[in-house]
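The values are calculated or read from the model by the stated rules, or taken from the named source; none is laboratory data. Bear in mind that the values here come from a model prediction, so they are computed numbers and not experimental data. As a convention, Cβ positions derive from the backbone with ideal geometry for all residues, glycine included, and neighbour counts pool all protein chains shown. Keep in mind that these areas ignore ligands, DNA and RNA; they rest on the heavy atoms of the full protein, side chains included. Shrake-Rupley method; radii C 1.70, N 1.55, O 1.52, S 1.80 Å.
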Amino acid sequence: MTSNDLIEVPILTRVEGEGGVTIRLRDGAIENVQLNIYEPPRLFEALLRGRPLEETPDITARICGICPVAYQMSSVHALEAALGIQITPKIRRLRRLLYCGEWIESHALHIHLLHAPDFFGAASGIALAQRFPDEIKRGLQLKKFGNRMLDVVGGRAIHPINVRVGGFHRLPNAQEMASLIPHFEWGVQAATEATRWVATFSFPDFEQPYEYVSLSHPDEYPMNEGEIVSSTGLKIPVTEYDQNFVEEHVAHSTALHAVRRKERTSYFLGPLARINHNRDRLSPSARSLADEVGLAADCRNPFKNIVARCLELVHAYEEALAILRDYDSSGIAHVDYEYREGSGCAATEAPRGILFHEYRVDQAGKIVSGRIIPPTSQNQRQIERDLLEHLTSRLQAGASRDELAIDCERLVRTYDPCISCSTHFLKVRWEECS
Amino acid sequence: MPRKPRLAVFKFASCDGCQLSLLDAEDELLAICDRVEIAHFAEASSDLQPGPYDVALVEGSITTHEDAERIKRVRADSKFLMTIGACATAGGIQSLRNWGQIDEWVQSVYPSPDFIRTLATSTAIADHVLVDFALHGCPINHHQLVDILVALAEGRQPRVPSHSVCLDCKHRGTVCHVVARGIPCLGPVTQSGCGAICPAYDRGCYGCFGPSQPANTASLVSQFQSQGHSTEKLVPLLRSFNAAAPEFHHASEKLVILGTSSEGRRS
């Protein structure tokens, strides 16, 4: 190990947003690892204040171009809680359908274009397409039909325009919905094949005693609602989020870090956490496929997040197909409501994990205050802990700095971090303390 | 055969959605890669090559001192610089800070505001460097992006239609919400490109593609006022994703200054 005080290696590409990693060494051992997020703050909670509450789903969508539906869903559910709105079962199903579309486009993108290249030492999905043309083309098609679903239900794929407090501006056209059915029949099969391909990848041997946190619902795989559960036995309604989790502000990041309130420990959100808590509620094809590809019941290897992501891709296609087959365009598009003073919160499962929103509104229908806790800020502490453990063992095994930089990048990418709003130039900085 | 143009993608304060549009061109993506060389696109590739670049796509607005310097380096490295999306072309939704108190805003979001360094404004790329072409939208339309990249690869000047959303509604056969339902809709003054989706989904256009050229926003605002819409409702409509675009900016300022008196006239 050389002992330069500071080495900068540009690394973390193929993530959504910009961050960096600082690795501090003391006497040849890793003392501390920090994930730095350089994302320029855009101050959404501040800019929402005083605006008509109806704008919230349109505005918060702009926090993330990859998972705008998650922001729309958490915001409308939180506002509906504040206003005492009960949506109809039909609106509820359509929201799940829209969420399926987002899981599909986001998961298919991450699996094929962002993450898979790591397992073959390729620089990009486009480069990987030279070696696996059929697999990458299939992945692009899988992504495309998720986006087409968002077009039909949401009006467009990025920043959909059809979501509103109380439901939708209008119900999707039945013919357009029916035209998606053959593509989604293909999608269940194609996603299954993609999962079988991904399961053959070679996964680093690394496991941690995570506290997995996700939503859980008795009747369905969690998306729009459920209780918050954890692998240490926590089981709480979303309204008790603040009693159990807290955000801390650290100097090296413009994203707040969330930790367990009492223990001040990290926790793990995302596909692996969801599958661990809700495996028996996966769709039939996804459930049997999980057994077939041998995903352990209590898998603690973060590199296998990509397998969990594939299984959720199968699930989302299969559930969407069932909703599409059942669809007719009768019924109301949205529930009417009246303004009242109040506050409400909600959590939904964004592709990367729990997204918590809370709003206070006034009698004139304006936002008084808002609070948004995205999944990546909750995973951030866990990513740092993983890096410390993984890089330490790799260092002990004699890995070079260049190899460690690659390992570092790959481990961060397993979380599919959405560090949106940044310059995409992530650096590993090495600091040697003496 | 001439060499392929070298393409770079750069991000400033934004949501990632506009550059994601390139990856959302699923049917064209691999073919595009045959026409242009992707030299620097961090969201898609770890192979980050240094400049100079033939074409730079710039997403996001300028909100920090560092970014105000970085955009100059991007400009110096790029022959043709194109802004993509409302953040880069007009400052984005984050330009609402231009009307607020930045210190108070930061304090309201972050428990330790001292850790945060940001400018009091969010500004368009063209406020800092020369921009060769601006593609509007929040988000941009990926079909337009693909057309432009093909044009550039062939050495043609890129073009996009400049009419308003209103005309697209007529093409689609969508009934006008302003006329039929008295709903405020920015379609008459908003740049085409989205496909007039909002009116087709039973809601007014909220101007996410920015002002069309020319846009008689003052006249449209008077129409809304004559239909009984209050300043309180119209100001946020004009001040959203393209709040700092000059035509929307001036119209919202005028409303704030004259709003009370014109509402008085109405009654």
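Would you point out which residue out of B:Glu28, B:Glu69 is out of contact with any Lys or Arg (no Cβ under 8 Å at 6 or more places or on another chain), within 11 Å of chain A (Cβ to nearest Cβ) and open to solvent by 20 Å² or more (accessible area, probe 1.4 Å)?
Values: B:Glu69 fails: within 11 Å of chain A (Cβ to nearest Cβ).
Among B:Glu28, B:Glu69, only B:Glu28 is out of contact with any Lys or Arg (no Cβ under 8 Å at 6 or more places or on another chain), within 11 Å of chain A (Cβ to nearest Cβ) and open to solvent by 20 Å² or more (accessible area, probe 1.4 Å).
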(message) Take the residues in segment A:362-403 that are free of Cβ contacts under 8 Å to residues at least 24 places away in the same chain and part of a helix (DSSP H, G or I); name whichever of them is farthest from A:Arg164 (Cα to Cα).
(response) A:Gln396
(message) Condition first: assigned to a strand (DSSP E or B) and crowded, with 24+ Cβ neighbours inside 10 Å. Now tell me which residues in segment A:38-68 satisfy that.
(response) none
(message) Quick test of your reading of the structure: A:Glu341 fulfils all but one of (1) charged (D, E, K, R); (2) out of contact with any helix residue (DSSP H, G or I) (no Cβ under 8 Å at 6 or more places or on another chain); (3) within 14 Å of another protein chain (Cβ to nearest Cβ). Name the failing condition by number.
(response) (3)
(request) From B:Gln213, B:Gln223, B:Gln157, B:Gln227, grab the single residue that is touching a Gly at 6+ places or on another chain (Cβ under 6 Å) and away from chain A (no Cβ under 14 Å). (result) B:Gln227
(message) Between A:Glu338, A:Glu319, A:Glu349, A:Glu312, which is touching a strand residue (DSSP E or B) at 6+ places or on another chain (Cβ under 9 Å) and either modelled with pLDDT of 95 or more or surrounded by 19 or more Cβ atoms within 10 Å (Cβ to Cβ) (or both)?
(response) A:Glu349
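Rundown of residues vs (1) open to solvent by 50 Å² or more (accessible area, probe 1.4 Å); (2) part of a helix (DSSP H, G or I); (3) within 11 Å of chain B (Cβ to nearest Cβ); (4) at negative phi, yes/no style:
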position	(1), (2), (3), (4)
A:Ile104	no, yes, no, yes
A:His115	no, yes, no, yes
A:Leu128	no, yes, yes, yes
A:Asp151	no, yes, yes, yes
A:Phe184	no, yes, no, yes
A:Phe201	no, no, no, yes
(request) Among the residues of segment A:228-265, count how many are away from chain B (no Cβ under 14 Å), buried (at least 18 other Cβ atoms within 10 Å of the Cβ) and assigned to a strand (DSSP E or B). (result) 5
(request) Please find, within segment B:111-138, the residue that is farthest from B:Ala245 (Cα to Cα) out of those that are within 13 Å of chain A (Cβ to nearest Cβ) and touching a strand residue (DSSP E or B) at 6+ places or on another chain (Cβ under 7 Å). (result) B:Ser122
(request) Scan segment B:118-138 for residues that are under 26 Å from A:Leu47 (Cα atoms) and part of a loop (DSSP other than H, G, I, E, B) and jot them down. (result) B:Thr118, B:Leu119, B:Ala120, B:Thr121, B:Ser122, B:Ala124, B:His128, B:His136, B:Gly137, B:Cys138
(request) Please give the number of the condition A:His159 fails out of (1) open to solvent by less than 20 Å² (accessible area, probe 1.4 Å); (2) within 14 Å of another protein chain (Cβ to nearest Cβ); (3) more than 19 Å from A:Met223 (Cα to Cα). (result) (3)
(message) Please go through segment A:211-232 and give me each residue that is touching a helix residue (DSSP H, G or I) at 6+ places or on another chain (Cβ under 7 Å) and not charged (D, E, K, R), ordered by number.
(response) A:Tyr212, A:Val213, A:Ser214, A:Ser216, A:Tyr221, A:Pro222, A:Met223, A:Asn224, A:Ile228, A:Val229, A:Ser231
(request) For segment A:117-126, enumerate the residues that are open to solvent by 10 Å² or more (accessible area, probe 1.4 Å) and in a helix (DSSP H, G or I). (result) A:Asp118, A:Phe119, A:Phe120, A:Ile126
(message) Out of the residues in segment B:51-66 meeting the condition of being open to solvent by 40 Å² or more (accessible area, probe 1.4 Å) and touching a residue at least 24 places away in the same chain (Cβ under 8 Å), tell me which one is farthest from the other protein chains (Cβ to nearest Cβ).
(response) B:Pro52
(message) For the list (1) surrounded by fewer than 20 Cβ atoms within 10 Å (Cβ to Cβ); (2) in contact (Cβ under 8 Å) with a residue 12 or more places away in the chain, I need the number of the one condition that B:Thr118 fails.
(response) (1)
(message) So, A:Ile111, is that one touching a Cys at 6+ places or on another chain (Cβ under 7 Å) and at the interface with chain B (Cβ under 8 Å from one of its Cβ atoms) or not?
(response) no
(message) Tell me the residue from B:Phe133, B:Phe115 that is under 30 Å from B:Cys33 (Cβ atoms), of a type in the set (Phe, Trp, Tyr) and in the same structural domain as B:Gly91 (by TED's automatic domain parsing), please.
(response) B:Phe133
(request) Kindly state which helices (runs of 4 or more DSSP H) lie completely within segment B:158-267 and contain at least 3 residues that are closer than 30 Å to B:Ala88 by Cβ and open to solvent by 60 Å² or more (accessible area, probe 1.4 Å). (result) B:165-172, B:246-266
(message) Exactly one of these conditions fails for B:Leu96: (1) farther than 14 Å from B:Ile125 by Cβ; (2) within 12 Å of another protein chain (Cβ to nearest Cβ); (3) surrounded by fewer than 23 Cβ atoms within 10 Å (Cβ to Cβ). Give me its number.
(response) (3)
(request) Could you grab me the full set of residues in segment A:279-309 that are more than 23 Å from A:His390 (Cα to Cα), out of contact with any Cys (no Cβ under 9 Å at 6 or more places or on another chain), buried (at least 21 other Cβ atoms within 10 Å of the Cβ) and not small (Gly, Ala, Ser)? (result) A:Leu282
